[in-house]
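The values are calculated or read from the model by the stated rules, or taken from the named source; none is laboratory data. This structure is a prediction, so every number in the text was calculated from the model and none was measured. Neighbour counts run over all protein chains shown; Cβ positions are idealised from the backbone, glycine included. Just the protein is used for accessible areas: all its heavy atoms, side chains included, with ligands, DNA and RNA removed. Shrake-Rupley method; radii C 1.70, N 1.55, O 1.52, S 1.80 Å.
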Amino acid sequence: MIKLLKSCMLLILMLNISFTVSAQEKTVEMADMMRSNGRIYVVVAVMLTILAGLILYIVRLDRKITKLEKEI
Amino acid sequence: MTEAKNYMYKSWWKITAVLLLIYTFTAGLLLKVPELAPLQETIRNLYFHVCMWFAMMILFTISVVNAVRYLRNLDIKYDIYARQFAIMGIVFGLLGYITGAIWASYTWADPNTPVGDSFSSIARDPKLIGAAIALLVYFAYLILRDSVQDMDKKARISSVYNIFAYTMLFPAIWILPRILPSLHPGNEGNPALDVKNDISGNMRMVFYPAVIGWTLLGVWITTLKIRISLLKEKKLTP
């Protein structure tokens, strides 16, 4: 379960990174994505970062408790 | 370990929760929403504020189901479930209340009158009072629990009270606020669930996944707390 969770989190992280990277590549030739649309994408990025942080925290807690369960 | 096959230890629904929340945060902020005069962009709060209340109701429902299960089997495990789900429900309720307060202060409050005046009219809103009563009844549940020393007595009394608290939700947040006039939307029918004329299709596409995502997140945190409680229980009674 942990491995699956780990790989999934990694996948999500990769997707996020690729998303931001592709956004940056676009800036060279086209309009800056992070600065368009009233800069709403900045808000999205901030909120997703907070969400990612909280989720990572819960995942770590989950794993710690699983470890404890195996010990006792 | 007998609980090894329990849903608490599965990860597929946790991943679903994460994916749905990521979807909520991106689509919720980026998709087109109806342009309504007093709300403007704050209409997107539907994906966050309203979901808190939906999650709260679902968590309280799970809590009362476990309370009934405890009364049927007298297995202390179900009492632990009921308690933790109730606490998480309260947390979501409080978050709903706080987010609602922020939202209301920018949409209901009249910027031309002193803050105190708009506050007194907002604070009198039956939906707010109803929600406050519902939450207070659940606070009393926690106080009642922790004031009884004996384990079995505690579990039994609080399970019975849990059923009472749940039934209090019906008048406090589902019936009375709909009878009385209110600033809060959703007086007729089922707010946010009325497919025909409540929220636009675009918003429903985000709203329903958002409700599921937030609820699953609440369930996830609750299961963590349940697992810690079960571990403690195991340590106390080897």
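Summed over the range B:61-80, residues that are exposed (fewer than 13 other Cβ atoms within 10 Å of the Cβ) and not charged (D, E, K, R) total 1.
Given the structure, is B:Leu95 within 11 Å of chain A (Cβ to nearest Cβ), without any contact (Cβ under 8 Å) to a residue 60 or more places away in the chain and surrounded by 15 or more Cβ atoms within 10 Å (Cβ to Cβ)? Full working, then the answer.
Numbers: within 11 Å of chain A (Cβ to nearest Cβ): no; without any contact (Cβ under 8 Å) to a residue 60 or more places away in the chain: yes; surrounded by 15 or more Cβ atoms within 10 Å (Cβ to Cβ): yes.
The answer is no for B:Leu95.
Checked against the criteria, B:Lys10 counts as within 14 Å of another protein chain (Cβ to nearest Cβ) and open to solvent by 50 Å² or more (accessible area, probe 1.4 Å).
Let me confirm something: among B:Phe25, B:Phe60, which residue is closer than 26 Å to A:Leu48 by Cα and either away from chain A (no Cβ under 14 Å) or in a helix (DSSP H, G or I) (or both)? Full working, then the answer.
Working: B:Phe60 fails: closer than 26 Å to A:Leu48 by Cα.
One residue alone meets the criteria, B:Phe25.
Could you check the range A:36-58 and list, in sequence order, the residues that are hydrophobic (A, V, I, L, M, F, W, C), more than 8 Å from chain B (Cβ to nearest Cβ) and either surrounded by fewer than 12 Cβ atoms within 10 Å (Cβ to Cβ) or under 30 Å from B:Lys234 (Cα atoms) (or both)? First the steps, then the outcome.
Initially, the range A:36-58 is screened for residues hydrophobic (A, V, I, L, M, F, W, C), giving A:40, A:42-48, A:50-52, A:54-56, A:58.
Pick out the ones that are also more than 8 Å from chain B (Cβ to nearest Cβ) and you get A:42, A:45-46, A:50, A:52, A:54, A:56.
Within the range A:36-58, A:Val46, A:Ile50, A:Leu54, A:Leu56 qualify.
Take B:Arg83 and decide whether it is more than 19 Å from the chain's Cα centre (by Cα), charged (D, E, K, R), assigned to a helix (DSSP H, G or I) and surrounded by 13 or more Cβ atoms within 10 Å (Cβ to Cβ). Even if it seems obvious, please write down each step before you answer.
Numbers: more than 19 Å from the chain's Cα centre (by Cα): no; charged (D, E, K, R): yes; assigned to a helix (DSSP H, G or I): yes; surrounded by 13 or more Cβ atoms within 10 Å (Cβ to Cβ): yes.
So B:Arg83 does not fit the description; no.
Criterion applied to B:Ala55, B:Ala37 was being surrounded by fewer than 20 Cβ atoms within 10 Å (Cβ to Cβ), more than 12 Å from chain A (Cβ to nearest Cβ) and either part of a helix (DSSP H, G or I) or not charged (D, E, K, R) (or both), and the one residue passing it is B:Ala37. Does B:Leu30 satisfy the condition of being among the hydrophobic types (A, V, I, L, M, F, W, C), within 12 Å of another protein chain (Cβ to nearest Cβ) and open to solvent by 20 Å² or more (accessible area, probe 1.4 Å)? So B:Leu30 passes the test.
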